[in-house]
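Peer 1: I have a structure I would like to understand better, so I am pasting it below and will then ask my questions one at a time.
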Amino acid sequence: MSVRVVLAPEMTRERFEDAAHAFGWMLYTVVEESDEHPYEEVWALNGGTSAVHYYEDETLSTAFLLVMGDGERELAHEIVHRWPTIQAAGAVALARAAGSSEERIRAAGYLASTAPPASRPDVVDAFDELLSADDPAVRRFVLEAASYPAWPQLRPLVERVAASDPEPAVRTAAQQVLPDFG
């Protein structure tokens, strides 16, 4: 089991590493990014009975942690309260405040990264709003981001885009991700 914690945009790799060292964590290993694997750092703590895996998701342009081992829930709670993180409600707020295409793409990445296992109506609504963006590049990115949680509640949105988006490339992208949705 593990607990996922999504880092806020201002929590860069360097800031994370500085904070991890300040907490007394030991860097165990680094896995460089490849076609098969994202960039990852594995940090050991509590005498090796717990670990924090730091990942950089290049597709979504987000960084997140997987907290594992003894006291993982308590440790994740401590991280959320001490470091800049973002949860689903914060990602929804980013989506609603987004004005530019770049902000919309960033918000979609955070919606996908923070999506809980079960569907949330506010997150579904935020994906829906982003799928209505004027910029076809935003709509294509949102389709890919929505395929991360791939909740059945998102399927009608993707079907709508597949059937009626004004851009053929966006319709094609929607058709390609549609099988991902239950």
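Quick note: the coordinates plus some simple rules give every number you see, no bench work behind them. All of these numbers come straight from a predicted model, not from anything done at the bench. Positions of Cβ are generated from backbone atoms using ideal geometry, with glycine treated the same way; all protein chains shown enter the neighbour counts.
Peer 1: From the helices alone, meaning DSSP H stretches of at least four residues, give me the mean residue ellipticity at 222 nm for the chain, per-run term -39500 (n - 2.57), in deg cm²/dmol to the nearest 500.
Peer 2: Values: 8 runs with 86 residues, N = 182.
Theoretical 222 nm ellipticity from helices: -14000 deg cm²/dmol.
Peer 1: Let me ask something additional. Which residue, chosen from 65, 47, 126, occupies the Cα position most advanced towards the positive end of the dipole of the chain, where the dipole is computed from +1 (Lys, Arg) and -1 (Asp, Glu) charges on Cβ about the Cα centre?
Peer 2: Positive-most Cα among the choices belongs to 126.
Peer 1: At a Förster radius of 22 Å, what calculated FRET efficiency corresponds to the Cβ-Cβ distance of residue 77 and residue 118, to the nearest 0.05? Display every interim value, and only then the final one.
Peer 2: Values: r = 20 Å, r/R0 = 0.90.
According to the calculation, E is roughly 0.65.
Peer 1: If you line up the long axis of helix 121-130 against the longest principal axis of the chain, both from Cα atoms, how many degrees apart are they, to the nearest 10?
Peer 2: On a 0 to 90 degree scale, this one is about 60.
Peer 1: Here's another thing I want to ask about it. Calculate the dipole size of segment 73-182 relative to its Cα centre from +1 charges on Lys and Arg beta carbons and -1 charges on Asp and Glu beta carbons; express the result in debye to the nearest 20.
Peer 2: Details: 11 positive and 15 negative charges, 35 e Å.
Its charge dipole is roughly 160 debye.
Peer 1: Roughly how tilted is helix 168-177, in degrees to the nearest 10 and between 0 and 90, from the longest Cα axis of the chain?
Peer 2: It is inclined by approximately 50 degrees.
Peer 1: Bin width 5 Å, alpha-carbon pairs only: give the P(r) of the chain as whole percents, running from 0 to the bin holding the largest distance.
Peer 2: Distribution as computed: 1, 8, 16, 19, 18, 14, 11, 7, 4, 2, 0, 0 percent.
Peer 1: Could the peptides 158-164, 21-27 be put in order, highest first, of the mean number of other beta-carbon atoms found within 10 Å of their residues?
Peer 2: Working: 158-164: 16.1, 21-27: 12.6.
Per-residue mean Cβ counts within 10 Å order the peptides as 158-164, 21-27.
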